[in-house]
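Supplied in C-alpha cells, the structure appears directly below.
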Amino acid sequence: MTQENQKDSLKTYELVKHVEGEEEPQVMATVSIHLDEPCDLALQPAPEIKEESIDSEEFTELQRKYGILLTALPVGVLVINENLIIGPEYTEICEDILGQSELEGKSLFDILNISDDQEEIKKSISNYLQSFIQTLGEPGTLNPQEILDIIPPSADDDGSDEIAQENARQIKINYQMISQAPDGSAQVMVIIEDITPVKTVTEEVARTEKKVQQLEAIAADPDLYAELVGEVIQCVNMAIDKSANLSDNPENKESIASLSLDIQKIAALSSSFAEERVFETSQVLFDTIQHVIDGGEIPEGWRDRLNTYLNELSENITHLSEYFQELTGIDIQENTDKKLKILGSKLVQLSETLNHVEIKEEEKSVLINHIKELKAVTVYEGLSRAEKIIQGIIEVTGENAAFIIEESDILLDFSLAQKLNEPLIHLFLHILRNNIDTPEDRFDRNKVEEANISVSIYEDEDGLVVEMSDDGEGLDPETVKQTIVEKGILTQEEVEEISDDECLDLIFKQGYYDTESMGGMSLNQIQSLIGDELGGDVFVDAEPAEGTNFMIKIPMKTETLPEPTKESTPVKQVYGFNAGFYYLFQIDSSGDCHAEKIDQDDVPDVVIQKWKKDGTIPE
C-alpha cells in the first residue's frame, strides 16, 4: 500500500498489486482516512495464520471409533437438508430398518415409502420440520418426534397386500438440529428407531387380555353369553337381508340408516363379550355406511364392499359360535333364547300340580307368587342387554358420554325385562342425537365435559317407573310450541291453549322428531312400542339447558310373598335351582307353600343327576 496524498488530517492510501512484466502497479482500491490529529500511520503485514497439524493416525482412529459406535447403536442415524434430501452421512442400520440401500440423494418421503396419495402425512411432516428449522435456538423449542407405520418398498413391490402387511414396520423418528446458515440452508439429524418388536409384544398382550376377558365372560354367565352371541347372529342376518334389498333401491336413506343401527348393535354386543375381530370389522362397516349417510352420495363399488364386510362378519361369528360350543357344549344356533336357571318345563309342572290341588284361590295365588319369583331377575340382569349395547354404541361412535343403570333391589319378570330393553336402547339413541349439548355449551354452563345418561327403576302407587335422564340441552316450552306450529302439527291457537308443563309432551307427536342418520326410532315410535309391548306410557320432564328426564310408567305392581302363619305337615316337596341357589318348595296339607334356600348336599342325588342330564346345571 502506498501513500498518495496527505493534507491536514486526511490521509489517502491506494491498494496496489504488482504484476510481473509490468512496470506500473495496478491500483486495486483507494482508502481515505480522517484523523483528529496529524500523525503517521505505520502499515504492518497481517499475522500469518498457521493451520494446526492433525495426526492422520489419530484422526483415522477417531473416525473408526465413531463408526463402531454408530454401527452398534440400536437406532439408525442420517442427515437431511432443509429440502428433506438425505446427505451422504447415514448409518447402515438405516438401510436395514427401511429395507433400502444407497439412501444418499433420496427424499425423506421416498425412504419412508409415503405415497403421493398420502398428501396430508407429507404436508404434516414437511410443515413442522420447516417450522422446527426456522425456530432454531428460540426458547422452548422442542425437538419433534413421531411414530409412523411404514411398508418398505421391497415388500410393497411384491404386489400382495398380505405380504406387505407382514413386512410392515412401526418406527419412531426424532429430529435434532445440526446447523443453520443465514441463506436458509440447514442440516437436520434424523434418528430412526424400529419399535415393531415393542408394538408386536404390546398387541400380543392386548390380544391375551381380550381372550381372558372373553373366557371370564363365558364362565360368569354362559347362558347370557349365548344370548348375546345369538342376537349378533340375528343382527348379521338382518343386515345381510337389508343389504340385498338395497340392490333394488340403493339410495333408500331409511334402509341405510336401519342397516347402520344393526351394525351399531353388532359392534356394541361384540364389545361387551370381548370379541375383537367382530368388533373391528363392524367398526369399519359402520364407518363405511356412515360415510354414505353423511356424504349423501353412494360411491362406485360401495355395495360390493358392504357385502364383503358382512360376509367377513358372518364368518367371524360362525367361528365364535363353534369356539363357544367347544367350551360349553351349548349350540348357540339352537339356543338363541334366554335360558333360565330352572327350566320352563319345571315351572309348567308346578303350575299343573297347582291346578290339581284343591286349595282356596287366595292360597293358590301364594304359590303362583312363588313361581313368579323363580321367573324374576334383578334389574341389572334383566337390562344387561340394553346396558351392553348402549356401552358398545358409545364406544363405536366415539361419543363423549357415560351411561349407567343405577342399582335397585326390585325384581323384574324376565319377559317384562326382555321387552323393556328395546325401548331403552332407542330412547338412548334419541338422547344421543338430540339432547346432548356441545362441548362448548357444556363448558359455558359449568358442566363436566362428559355427558351423563342414567337409568333408574322404582315403584309408585301406579306401578313400575323406569326413568332415563340426561344432563344435556333440556327443553324450552316456547321452542317446543314454535316447532309444533312450524311443522304444522298444531295451529298457533291450539298451542296457546296448552300450558308450559303439558306442552313438553308434544314432542311425542308424529312428525316432531323423525328417524335420523344414526337409525333407530322416533319418539312417536318409541311411545307406540311402550304402549303395545308393555301396556305403559312415556312422559317427559325437562328444564332448559339443565337436562331431560323420560319416565316410562308400567301399570304393574310387584306382589309380595306372605309369610307362613302356622306350622303344618308337608305333603309334597319340590326341589328347584335358580341363579346359582338351590331351593326346597314344601306344600302342606292346607295348600300353603313354603320356599327356602338349601345346600346342594341337601338335594337328592337322583335329582342332581336329572338336572345335569337335562342341562339345568352344568356337568
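The values are calculated or read from the model by the stated rules, or taken from the named source; none is laboratory data. Just so it is clear, the model here is predicted, and its values are computed rather than measured. Neighbour counts run over all protein chains shown; Cβ positions are idealised from the backbone, glycine included.
I'm trying to understand the selection: among the residues of the stretch 145-168, which are modelled with pLDDT of 65 or more and either surrounded by fewer than 14 Cβ atoms within 10 Å (Cβ to Cβ) or among the hydroxyl-bearing types (S, T, Y) (or both)?
Result: Q145, E146, I147, D149, E166.
Still on this structure, I have one more. Test of understanding: among D602, D588, D614, which residue is out of contact with any His (no Cβ under 7 Å at 6 or more places or on another chain), surrounded by fewer than 17 Cβ atoms within 10 Å (Cβ to Cβ), over 30 Å from K447 (Cβ atoms) and at pLDDT 75 or above?
Values: D588 fails: at pLDDT 75 or above; D614 fails: at pLDDT 75 or above.
Unique residue meeting the criteria: D602.
Could I ask something else about it? Condition check: polar (S, T, N, Q), assigned to a helix (DSSP H, G or I) and at pLDDT below 85. Does S255 satisfy that?
yes
Of the residues I171, I195, which single one is at pLDDT 75 or above, within 26 Å of the chain's Cα centre (by Cα), within 30 Å of K106 (Cβ to Cβ) and surrounded by fewer than 17 Cβ atoms within 10 Å (Cβ to Cβ)?
Among I171, I195, only I195 is at pLDDT 75 or above, within 26 Å of the chain's Cα centre (by Cα), within 30 Å of K106 (Cβ to Cβ) and surrounded by fewer than 17 Cβ atoms within 10 Å (Cβ to Cβ).
While we're looking at this one, here's another question. Given the condition buried (at least 18 other Cβ atoms within 10 Å of the Cβ) and within 17 Å of the chain's Cα centre (by Cα), answer yes or no: does some residue in the stretch 406-422 qualify?
Within the stretch 406-422, none of the residues are buried (at least 18 other Cβ atoms within 10 Å of the Cβ) and within 17 Å of the chain's Cα centre (by Cα).
Between L73, L98, L103, which is surrounded by 11 or more Cβ atoms within 10 Å (Cβ to Cβ), within 40 Å of the chain's Cα centre (by Cα), modelled with pLDDT of 85 or more and not charged (D, E, K, R)?
L103
Looking at this structure, is G398 surrounded by fewer than 18 Cβ atoms within 10 Å (Cβ to Cβ), modelled with pLDDT under 90 and small (G, A, S)?
Here the answer is yes, as G398 does meet what is asked.
Next question, about the same structure. For the stretch 367-380, give me the residue count where each residue is more than 16 Å from S456 (Cβ to Cβ) and part of a helix (DSSP H, G or I).
9
Please state which one of E449, E407, E440 is in contact (Cβ under 8 Å) with a residue 40 or more places away in the chain and of a type outside the set (A, V, I, L, M, F, W, C).
E449
Answer yes or no as to whether Q234 is under 23 Å from S282 (Cβ atoms) and at pLDDT below 80.
Judged against the criteria, Q234 is not a match.
Still on this structure, please answer the following. How do the helices (runs of 4 or more DSSP H) wholly within the stretch 442-559 filter down when requiring 1 or more residues that are under 30 Å from E381 (Cα atoms): which remain?
In the stretch 442-559, 523-534 are the helices (runs of 4 or more DSSP H) which contain 1 or more residues that are under 30 Å from E381 (Cα atoms).
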